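Asks: There's a structure below that I have some questions on.
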Amino acid sequence: AIKQGKVLATKILAGSMKGDDFSEFIRLHLVPTLQAGDVVIMDNLNSHHREEIKEMIEAVGARVEYLPISSPDFNPIEMMWSQIKSLVRKVRTTTVESLYKVIEIAVNLIDASFLTNWFAKCCYCT
C-alpha cells in the first residue's frame, strides 16, 4: 500500500493473495497506518470488494474508492510493482528467503519522489 511520498504497508507471501490474506493485510498492516480523511483507492479485484474490507477502513475514518474496471493507468502501485519486478529479474535469486530479501530491498529503494511522480502520472493531485 502506498501514498504520496511513502510506502505505507507491505506483505510478502508465497503464492497468490487470497481473500483471507488480503483481509489480514488490511487489518494488520494497512488500517494501523490510516488516518481519518484518508482515501484508499483499490482496483476491482474480488477480494477488494469484501464488505469487511470496507468496514475496517471506514472504522478509522478513511473511505474506499474503486478504480474503473481495467484502468491500470490510474493505479500508481502498478508503477511500483514494475520497478520491484525489474530489480527482482536482475538479481537471480536461488531461494525463497533471498527473493524475499531482494523484494524488501527493492521496496526500501523506492524514493518518495518516485511515489509523488507516479501519483501525478496517474492524474492524482500532488
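Asks: How much mean residue ellipticity at 222 nm does the chain get from its helices, if each DSSP H run of length 4 or more adds -39500 (n - 2.57) and you divide by all residues, to the nearest 500 deg cm²/dmol?
Replies: Helix-only estimate at 222 nm: -12500 deg cm²/dmol.
Asks: Cα atoms only: what Rg and Dmax, in Å, come out for the chain?
Replies: 14.9, 43
Asks: Given the pairs 3/54; 3/101; 6/90; 6/121, which span a C-alpha to C-alpha distance of over 20 angstrom in this model?
Replies: Where the Cα-Cα span goes over 20 Å, the pairs concerned are 3/101; 6/90.
Asks: Heavy atoms only, 1.4 Å probe, whole protein assembly: order 96, 102 by accessible area, highest first.
Replies: If we order 96, 102 from most to least accessible, we get 96, 102.
Asks: Turning to a different aspect of this structure: Working with all protein chains in place, sort 92, 50 by solvent-accessible area computed with a 1.4 Å probe, largest first.
Replies: The residues order as 92, 50, largest area first.
Asks: Pop the C-beta distance of residue 27 and residue 4 into the FRET formula with R0 = 22 Å and round what comes out to the nearest 0.05.
Replies: 0.40
Asks: Next question. Modelled label-to-label distance, residue 74 and residue 96, 7 Å Cα→beta-carbon offset: nm?
Replies: 3.7
Asks: Keeping all protein chains in position, work out how much accessible area residue 69 exposes to a 1.4 Å probe, and write it in Å² to the nearest 10.
Replies: So the heavy atoms of residue 69 present about 140 Å² to solvent.
Asks: Please report the accessible area of residue 104 (heavy atoms, 1.4 Å probe, ligands and nucleic acids excluded) in Å², nearest 10.
Replies: Probe radius 1.4 Å; accessible area of residue 104 about 90 Å².
Asks: So, with a 1.4 angstrom probe, what is the percent of accessible area on the chain that is carbon and sulfur?
Replies: Accessible surface attributable to carbon and sulfur in the chain totals 54 percent.
Asks: Taking the Cα-to-Cβ direction at residue 58 and at residue 14 and moving 7 Å from each Cα, how far apart do the two end points lie in nm?
Replies: With each label placed 7 Å out from Cα toward Cβ, I get 3.7 nm.
Asks: In the neighborhood of residue 81, defined by Cβ-to-Cβ distances under 13 Å, what is the net charge if each Lys or Arg adds +1 and each Asp or Glu adds -1?
Replies: Value of the local net charge: 0.
Asks: A further question follows. For the chain, with only Lys/Arg (+1) and Asp/Glu (-1) charged at the beta-carbon, what is the dipole magnitude about the Cα centre, in debye rounded to 20?
Replies: For the chain, the charge dipole is close to 520 debye.
Asks: Rounded, prolate or oblate: which one fits the range 1-71, using the alpha carbon gyration tensor with axes a ≥ b ≥ c (rounded when a/c is under 1.5, else prolate when a/b beats b/c, else oblate)?
Replies: rounded
Asks: Once the whole set of protein chains is in place, how much accessible area is left on residue 66, using a 1.4 Å probe, in Å² to the nearest 10?
Replies: Number for this one is 80 Å².
Asks: Find the eigenvalues of the gyration tensor of the Cα atoms of the range 50-95, then list the square roots of 5 times those eigenvalues as equivalent ellipsoid semi-axes, largest first, in whole angstrom.
Replies: Semi-axes (√(5λ), whole Å): 31, 16, 9.
The values are calculated or read from the model by the stated rules, or taken from the named source; none is laboratory data. These figures come from a predicted structure and were not determined experimentally. Positions of Cβ are backbone-derived with ideal geometry, glycine not excepted, and every protein chain shown enters the neighbour counts. Note: areas computed on protein heavy atoms with side chains; ligands, DNA, RNA excluded. Shrake-Rupley method; radii C 1.70, N 1.55, O 1.52, S 1.80 Å.
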